[in-house]
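Read through the structure below, which is laid out as structure tokens, and then see the notes.
Values quoted throughout were computed directly from the atomic coordinates according to the rules given, and no laboratory measurement underlies them. As the structure is a computational prediction, the values presented were derived from the model and not from experiment. Note: ideal-geometry Cβ built from the backbone for every residue, glycine included; neighbour counts use all protein chains shown.
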Amino acid sequence: MAGTGNGRAKEDQGDMITLKRGTTGAAYLQARLRRDAPELADALNRGEIKSVRAAAIEAGIIIPFPSIQIKEPLPTAQKLLAKKGQEWCLQLLEELSELVLLDPASLVKGNYFPLANPIRLGHHDE
């Protein structure tokens, strides 16, 4: 019996990102650089940029998201300050203060949550 499926064998899938959007593999990123940012592709080939990923970040193909381990408050705060800067941290402090000072019952009832897309805790559409 012939194999079933959509012709996308696991070995053909590349990285763990949908096939329609491409991958984060070096060959894909190099092709995108040649197409979208040939000057960066040339600089990469000359050794002026340290990696394909660095060139892709510079071209805006990859948008890096910082990550930190959240353990104890002080080291976490220090890492956030170093990665995001004072202005961002002050905004986070303001947002956290509002959330922490809320009446917990109002969160559960879903009456207030200061987000663009409110999360309604304990509330289900029926």
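A compact table of results
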item	result
Estimated distance in nm for a label pair at Gln91 and Asn45, the labels positioned 7 Å out from Cα along Cα-to-Cβ	4.0
Cβ-defined net charge surrounding Glu39, 13 Å radius [Lys, Arg +1; Asp, Glu -1]	-1
Amide H contacts under 5 Å for Ile49, placed H, 5+ residues apart	Leu44
